[in-house]
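Data first, discussion second: the structure below is written as structure tokens.
The values are calculated or read from the model by the stated rules, or taken from the named source; none is laboratory data. As the structure is a computational prediction, the values presented were derived from the model and not from experiment. Note that we place each Cβ from the backbone using ideal geometry, even for glycine, and neighbour counts take in every protein chain shown.
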Amino acid sequence: MFDRFVGEAHIFEDREVLRHDYLPERLPHREEQIRRIGEIVAPVLKGARCSNVFIYGKTGTGKTAVTKHVLTHLEIKSKEFNAPVKFCYINCRMVGSEYRVFTGLCQSIGVAVPFTGLSVGEVFERFRTGLDSSKSIFIAVLDEVDALIKSRGDTLLYELTRINETLDKSKASLVGISNDLRLKEFLDPRVFSSLSEEEIVFRPYDASELRNILFERAKIAFSKGVLSDSALNLCAALAAAEHGDARRALDLLRVAGEVAERKGAAVVNEEHVREAEKHIEHNRVVEALKNLTLHSKLVVLSVYHLKKADIHQANTGEIYEVYAEICDELGVTPLTQRRLSTLVNELDSMGLLNARVISMGRYGRTKKIRLEMARSLIKDVFISDNRLGRLIDYDPKCLSKNVRNRG
């Protein structure tokens with residue numbers, strides 16, 4: 001089973017170079033952003049607190065890579081200057097709760113906190129006390145902070161943006177990274193004004209820039225002469241057409257190489273890229289569904305049940321009825337209809353739902369919403385969820401009324 005793979009000529013020299021978490025020495029086409037973030041955090045080298053900064057941009061625009069790049073070099077410089085600087089990077093989508101965010105912050109300064117059992121307030125107080133005792137300048141990077149805010153609210157950010165008021169011997173700054181340009185809609189104005197002392201927006205890469213990024217990585221990742229120019233160009237063009245996402249471009253290139261490797265091909269060509277695109281698209285939808293916040297999952301589930309009842313294009317009111325009933329079944333407090341409408345727009349921008357406004361003549365306009373994926377895919381993803389699995393076969397009572405009204 002493995003002899004052919006091991007024995008034949010290799011497509012890859014180092015496929016890890018094409019992974020998202022690989023941090024190259026040079027980040028093409030992000031020199032301006034590197035300079036700006038560097039200038040913002042530089043005061044910590046002289047013992048001063050730097051401004052809080054909020055970084056916006058769609059997935060795959062280099063936000064995380066640039067931030068880690070700058071802080072890596074800042075850490076080296078801080079040792080040269082003997083500056084008491086401490087750093088902590090937390091991906092809020094991965095940790096999922098305020099408790100675990102504060103636990104990660106505590107661990108970064110050497111404060112032990114149990115995995116569970118304390119109140120969020122107690123963990124925050126331990127972090128605050130430990131930070132003040134460390135007599136340091138602390139920079140916390142909260143990546144994908146929008147995922148946490150949408151599911152849990154902005155209490156965590158409120159506490160962190162006010163922490164310097166209670167510190168005597170230390171100072172703290174925040175770097176927030178968000179994939180959602182509309183995040184300020186979810187934040188209390190006081191929190192947003194404190195957090196966004198500086199703002200940087202990362203624009204998407206264009207096809208030419210993506211090609212340069214891929215070319216730099218491909219030189220290290222692939223064996224010499226195995227990658228065709230046409231395959232490289234197609235990866236860049238496909239990713240540029242979908243929000244200029246460098247992660248998608250790298251995924252396409254890596255999976256195309258793996259497809260060619262499995263087929264025993266000597267050269268990675270356009271056909272392998274096309275096959276990789278189909279494979280990634282399926283996986284992308286599955287991962288997107290798994291990583292949604294609870295209420296976004298409930299919105300998708302509501303549209304799922306409407307379609308199951310042969311209501312293929314629902315309006316916001318119909319979705320909200322089903323959503324509210326599902327929330328009641330779960331024992332979860334439902335969001336307002338206005339917040340649900342915002343979630344529908346986000347799911348639309350992710351390609352999971354299709355929401356279009358249609359004219360009703362003298363009756364005004366209405367939004368019609370439908371699923372952009374097969375119901376079987378939603379069932380496969382949610383059936384394994386301990387909390388939501390039983391709701392797949394749940395029959396919302398309000399649906400019979402909706403179907404009757406439609407009839």
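When the range 54-71 is examined, which residues are found to be in a helix (DSSP H, G or I) and either farther than 17 Å from ARG36 by Cβ or touching a helix residue (DSSP H, G or I) at 6+ places or on another chain (Cβ under 6 Å) (or both)? Write out each step before concluding.
Within the range 54-71, the subset in a helix (DSSP H, G or I) is 63-71.
Matches in the range 54-71: VAL66, VAL70.
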**Message:** Restricting to the range 48-82, count the residues that are touching a strand residue (DSSP E or B) at 6+ places or on another chain (Cβ under 7 Å) and among the small types (Gly, Ala, Ser).
**Reply:** 4
**Message:** Can you confirm whether PHE138 is in a helix (DSSP H, G or I), modelled with pLDDT of 90 or more, of a type in the set (A, V, I, L, M, F, W, C) and surrounded by 19 or more Cβ atoms within 10 Å (Cβ to Cβ)?
**Reply:** no
**Complete:** Note on LEU377: of the conditions (1) assigned by TED's automatic domain parsing to the domain that holds ASP229; (2) surrounded by fewer than 17 Cβ atoms within 10 Å (Cβ to Cβ), unmet is (1)
**Prompt:** Tell me, which residue of the range 1-34 that is modelled with pLDDT under 95 and of a type in the set (Val, Ile, Thr) is surrounded by the most Cβ atoms within 10 Å (Cβ to Cβ)?
**Reply:** ILE11
**Item:** the range 215-232, subset in contact with a strand residue (DSSP E or B) (Cβ under 9 Å, 6 or more places away or on another chain) and surrounded by 20 or more Cβ atoms within 10 Å (Cβ to Cβ), residue farthest from GLN33 (Cα to Cα)
**Value:** VAL226
**Asked** Across the range 290-313, what is the number of residues that are in contact with a strand residue (DSSP E or B) (Cβ under 6 Å, 6 or more places away or on another chain) and at pLDDT below 90?
**Response** 2
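State whether the residues of the range 69-82 include one that is among the polar types (S, T, N, Q) and on the phi > 0 side of the Ramachandran plot.
Going through the range 69-82, the residues among the polar types (S, T, N, Q) turn out to be 72, 78, 82.
Next, only the ones that are on the phi > 0 side of the Ramachandran plot stay: 82.
Within the range 69-82 (the criterion being among the polar types (S, T, N, Q) and on the phi > 0 side of the Ramachandran plot), the answer is yes, since at least one residue qualifies.
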**Prompt:** without any contact (Cβ under 8 Å) to a residue 24 or more places away in the chain, within 16 Å of ARG15 (Cα to Cα) and touching a Lys or Arg at 6+ places or on another chain (Cβ under 7 Å) - does that describe any residue in the range 231-249?
**Reply:** yes
**Asked** Does ALA256 qualify as being within 23 Å of PRO204 (Cα to Cα), in contact with a strand residue (DSSP E or B) (Cβ under 6 Å, 6 or more places away or on another chain) and either of a type in the set (A, V, I, L, M) or in a helix (DSSP H, G or I) (or both)?
**Response** yes
**Complete:** For the range 262-284, pairs from a residue that is in contact (Cβ under 8 Å) with a residue 60 or more places away in the chain and in the same structural domain as ARG247 (by TED's automatic domain parsing) to a residue that is in a loop (DSSP other than H, G, I, E, B) and of a type in the set (S, T, N, Q), with Cβ under 8 Å and 6 or more apart or across chains, are VAL268/SER228
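Kindly establish whether GLY244 is assigned by TED's automatic domain parsing to the domain that holds LEU210, buried (at least 20 other Cβ atoms within 10 Å of the Cβ) and in a loop (DSSP other than H, G, I, E, B).
Details: assigned by TED's automatic domain parsing to the domain that holds LEU210: yes; buried (at least 20 other Cβ atoms within 10 Å of the Cβ): yes; in a loop (DSSP other than H, G, I, E, B): yes.
The answer is yes for GLY244.
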**Complete:** Filtering the range 248-269 for residues that are at pLDDT 90 or above and either within 17 Å of the chain's Cα centre (by Cα) or polar (S, T, N, Q) (or both) leaves a count of 4
**Message:** So, GLU321, is that one acidic (Asp, Glu), in the same structural domain as SER228 (by TED's automatic domain parsing) and either out of contact with any strand residue (DSSP E or B) (no Cβ under 6 Å at 6 or more places or on another chain) or under 19 Å from SER349 (Cβ atoms) (or both) or not?
**Reply:** no
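Please work out if LYS278 is over 21 Å from the mean Cα position of the chain (by Cα), among the basic types (Lys, Arg) and farther than 30 Å from ALA147 by Cβ. Break it down stepwise before answering.
Numbers: over 21 Å from the mean Cα position of the chain (by Cα): yes; among the basic types (Lys, Arg): yes; farther than 30 Å from ALA147 by Cβ: no.
Criteria not met by LYS278.
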**Item:** Within the range 312-323, considering residues that are in contact (Cβ under 8 Å) with a residue 24 or more places away in the chain and out of contact with any helix residue (DSSP H, G or I) (no Cβ under 6 Å at 6 or more places or on another chain), the one nearest to THR342 (Cα to Cα)
**Value:** ASN315
**Prompt:** Given (1) surrounded by 22 or more Cβ atoms within 10 Å (Cβ to Cβ); (2) modelled with pLDDT of 90 or more; (3) assigned to a helix (DSSP H, G or I), where does LEU157 come up short, assuming only one miss?
**Reply:** (2)
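Identify the residue in the range 164-206 that is small (Gly, Ala, Ser) and either in a loop (DSSP other than H, G, I, E, B) or outside the structural domain of LEU71 (by TED's automatic domain parsing) (or both) and, among all such residues, is farthest from ILE139 (Cα to Cα). It would help to see each step written out before you state the result.
First, the residues of the range 164-206 that are small (Gly, Ala, Ser): 170, 172-173, 176, 178, 193-194, 196.
Those left that are additionally either in a loop (DSSP other than H, G, I, E, B) or outside the structural domain of LEU71 (by TED's automatic domain parsing) (or both): 170, 196.
Values: SER170: 11, SER196: 15 Å.
So the residue we want is SER196.
Got a number for residues in the range 287-336 being in a helix (DSSP H, G or I), of a type outside the set (D, E, K, R) and surrounded by fewer than 14 Cβ atoms within 10 Å (Cβ to Cβ)? Reasoning before the result, please.
Step one: filter the range 287-336 for residues in a helix (DSSP H, G or I), giving 287-290, 294-308, 316-330.
Going one step further and asking which of them are of a type outside the set (D, E, K, R), we end up with 288-289, 294-296, 298-306, 316-317, 319-320, 322-324, 326-327, 330.
Next, only the ones that are surrounded by fewer than 14 Cβ atoms within 10 Å (Cβ to Cβ) stay: 317.
Residues that pass the stated criteria total 1.
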**Request:** Quick one: in the range 72-130, of everything that is among the β-branched types (Val, Ile, Thr) and in a helix (DSSP H, G or I), which residue is surrounded by the fewest Cβ atoms within 10 Å (Cβ to Cβ)?
**Result:** ILE76
